[in-house]
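Worksheet: the structure to be examined is printed underneath.
The values are calculated or read from the model by the stated rules, or taken from the named source; none is laboratory data. What you see is a predicted model, and the numbers here were worked out from it, not measured in a lab. Note that we place each Cβ from the backbone using ideal geometry, even for glycine, and neighbour counts take in every protein chain shown. To get the accessible areas, we keep the full protein, side chains included, count just its heavy atoms, and leave off ligands, DNA and RNA. Shrake-Rupley method; radii C 1.70, N 1.55, O 1.52, S 1.80 Å.
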Amino acid sequence: MSQPAPPDPWASLRALTDARIALGRAGASLPTREVLAFALDHARARDAVHRDFDAEGLAARIELLGLATMTVASAAADRPTYLRRPDLGRRLAPASATRLDAAGTRGADIVIVIADGLSSAAVHAQAAPLIAALLPHVAAAGWRLAEVVLARQGRVALGDEVGERLGARLVVLLVGERPGLSSPDSLGAYITLDPHVGRTDAERNCVSNIRPAGLSCEDAAFRIAWLAREALRLGASGVGLKDDSGLATRHLGAATGALPPLGKA
């Protein structure tokens with residue numbers, strides 16, 4: 001008769017991390033529960049990559065925030081092409097490029113672009129709440145926003161072309177991050193000053209792991225707004241702009257009463 005897997009002495013540490021530690025063993029193998037848990041998490045990650053992007057549903061949620069939207073597509077015609085040809089996900093489809101050239105809003109301070117990336121599940125869950133948290137910062141700074149652009153089969157660099165065609169001073173691109181076995185719902189935000197085709201990743205700032213189990217939408221909005229403000233002030237983003245937003249310090253100060261809570265400064 002098989003015996004139950006003995007408890008792992010590191011089991012108490014599992015509450016502190018999503019990493020796969022203290023799995024235990026059954027003989028020379030993993031316990032059945034851990035094999036099944038791995039299979040489930042792997043399936044969730046695959047589903048996040050292949051799930052269809054509901055651009056219309058997300059646009060409706062964003063429009064409820066009082067923002068105009070428009071939907072475009074990258075040069076990757078479908079999901080298999082997107083996954084095999086990263087270069088096509090970085091450029092607009094010709095029809096979408098023409099549509100942006102004819103858009104009415106030009107010369108805005110910031111354009112927010114939402115791309116499905118490698119996890120439309122993350123975009124569906126986090127993009128609208130993040131924008132809602134960001135709007136008070138936008139209003140406080142007096143920034144003029146372009147239409148929110150939703151991009152199908154889009155990668156990070158697609159925001160450069162969108163920003164260039166709309167003549168925006170800065171682009172904030174929200175994208176579903178590559179799903180791990182514990183984070184299929186993680187959203188990333190990339191901030192690039194003076195967006196134009198040919199920008200490199202060294203010229204962007206990234207705010208990553210935006211999700212309930214990671215960085216909250218409120219904290220992410222604070223950091224994005226700080227980076228945007230400093231990029232516009234200094235004329236630099238990426239490696240030329242260090243994140244000195246003091247987010248951790250603000251949390252500590254708010255907890256001790258030395259500083260107001262985030263969003264109430």
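The table below lists the values:
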{"read-out": "Considering only the chain, percent of DSSP beta bridges that pair antiparallel, nearest 5", "value": "45"}
{"read-out": "Under 5 Å, built H, 5+ apart or other chain: amide partners of ILE114", "value": "VAL149, LEU150, ALA151, LEU174"}
{"read-out": "0 to 90° range, to nearest 10: angle between helix 217-234 axis and the chain longest Cα axis", "value": "40"}
{"read-out": "Karplus-derived HN-Hα couplings along segment 155-164 (A = 6.51, B = -1.76, C = 1.60, θ = phi - 60°), whole Hz, x at Gly and Pro", "value": "10, 4, 5, 4, x, 5, 6, 4, x, 5"}
{"read-out": "Amide H within-cut-off set for ASP194, under 5 Å, with H built and near neighbours excluded", "value": "LEU170, VAL171"}
{"read-out": "Segment ASP201-ALA213, length gained on full extension (0.36 nm per residue, minus Cα span)", "value": "1.7 nm"}
{"read-out": "Separation of the ASP18 and ARG229 label points, Cα + 7 Å toward Cβ, nm", "value": "2.9"}
{"read-out": "Value in Å of the Kirkwood radius, where the chain supplies the Cα pairs that are averaged", "value": "19.9"}
{"read-out": "Descending semi-axes in whole angstrom, ellipsoid equivalent of segment 94-152, from the Cα gyration tensor", "value": "21, 20, 6"}
{"read-out": "In Hz, Karplus ³J(HN,Hα) per residue of segment 31-36 (6.51, -1.76, 1.60; θ = phi - 60°; x = Gly, Pro)", "value": "x, 4, 4, 6, 5, 5"}
{"read-out": "Cut-off under 5 Å, modelled amide H: who pairs with SER186 long-range", "value": "GLU177"}
{"read-out": "Solvent-accessible area per residue, Å², over the chain with all protein chains present [probe radius 1.4 Å]", "value": "50"}
{"read-out": "Rounded to the nearest 20 debye, dipole of the chain from Cβ charges on Lys, Arg, Asp, Glu", "value": "200"}
{"read-out": "Inter-label distance, nm, simple model (7 Å from Cα along the C-beta direction), ASP52/PHE38", "value": "3.4"}
{"read-out": "Protein accessible area in the chain, 1.4 Å probe - carbon and sulfur %", "value": "55"}
